[in-house]
Amino acid sequence: MKASDSYRIKLGACAALAATTLMSGAALAIGAGSPATPLPVLAGLGVGAEARADLAATSPETPAAEAMAADRAAIKAAPLSAAAWLRIAYIKSRDGRPLDAEALDAIERSYSVAPFGADVTGWRLTFLYDHWGELTPQIRAEATQEHTTLIAWQQPVWNIDSINDPAGRMAATFTHAHALTLQAKNLAQKP
């Protein structure tokens, strides 16, 4: 084999690699830019599954079974997504039904994968305080801890008045006041 033949083989391999990289990049960009359109090529990678599930869950026209199927696909693609687990509870309660065992288990899982997640904390706390009477003592304790941690880190807090359930609004108000008291005590103890 001459040196020029070796060079042509290497050049051909580089060109093939470049073409594959460009096609993959374009496919990923299409999948990310248009999450409502599932691409079979990218389905195995879960590209856009989270966005499709979120769109299906929040769209009143989407039947609950279809929204749940989209969310299951998002969980399959990203099992450590707290939002995907929490979305199960949201979908199940979307039509005013009380939280069932599956919904409560999904909330527990959302805390297992992200006990304090910046992308889910505000939404999760509002949802949980809106369903305060339906929660297990364990979930209430986790929500209270998350709320207290939110205040301790001095993160912006959502509007407690947006909580519809009176018992949940009262629990959020008391938790908020308690967390502020703890924060003031900690600041007073610092030299």
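The values are calculated or read from the model by the stated rules, or taken from the named source; none is laboratory data. Fair warning: this is a prediction, and the values are worked out from it, not measured in the lab. Because the Cβ atoms are built from the backbone with ideal geometry, glycine has one as well, and the counts that use them run over all protein chains shown. Please note that ligands, DNA and RNA were not included when accessible areas were found on the heavy atoms of the full protein model with its side chains. Shrake-Rupley method; radii C 1.70, N 1.55, O 1.52, S 1.80 Å.
A few remarks follow.
- The range 149-162 - residue that is in a helix (DSSP H, G or I) and not hydroxyl-bearing (Ser, Thr, Tyr) and, of those, most open to solvent (accessible area, probe 1.4 Å): Asp161
- Filter result (of a type in the set (Gly, Ala, Ser) and either within 12 Å of Ser162 (Cα to Cα) or in contact (Cβ under 8 Å) with a residue 24 or more places away in the chain (or both)) within the range 126-141: Gly133
- Val41 being surrounded by 13 or more Cβ atoms within 10 Å (Cβ to Cβ), at pLDDT below 65, in a loop (DSSP other than H, G, I, E, B) and not basic (Lys, Arg): no
- Tally, over the range 94-144, of residues that are of a type in the set (Gly, Ala, Ser) and under 17 Å from the mean Cα position of the chain (by Cα): 9
- Qualifying position, being without any contact (Cβ under 8 Å) to a residue 12 or more places away in the chain and either surrounded by fewer than 18 Cβ atoms within 10 Å (Cβ to Cβ) or not in a loop (DSSP other than H, G, I, E, B) (or both), among Ala184, Ala179: Ala184
- Selection of the range 49-93 for residues being within 20 Å of Thr121 (Cβ to Cβ), open to solvent by 50 Å² or more (accessible area, probe 1.4 Å) and more than 16 Å from the chain's Cα centre (by Cα) yields an empty set.
- Index of the failed condition, Ala167 passing every other in (1) open to solvent by less than 80 Å² (accessible area, probe 1.4 Å); (2) out of contact with any Phe, Trp or Tyr (no Cβ under 7 Å at 6 or more places or on another chain); (3) without any contact (Cβ under 8 Å) to a residue 40 or more places away in the chain: (2)
- Test: residue in the range 140-148 that is under 19 Å from Ser81 (Cβ atoms), of a type in the set (Asp, Glu) and surrounded by 14 or more Cβ atoms within 10 Å (Cβ to Cβ): yes
- A count restricted to the range 106-125 and to residues that are in contact with a Gly (Cβ under 9 Å, 6 or more places away or on another chain) and either surrounded by fewer than 18 Cβ atoms within 10 Å (Cβ to Cβ) or in contact (Cβ under 8 Å) with a residue 40 or more places away in the chain (or both) stands at 1.
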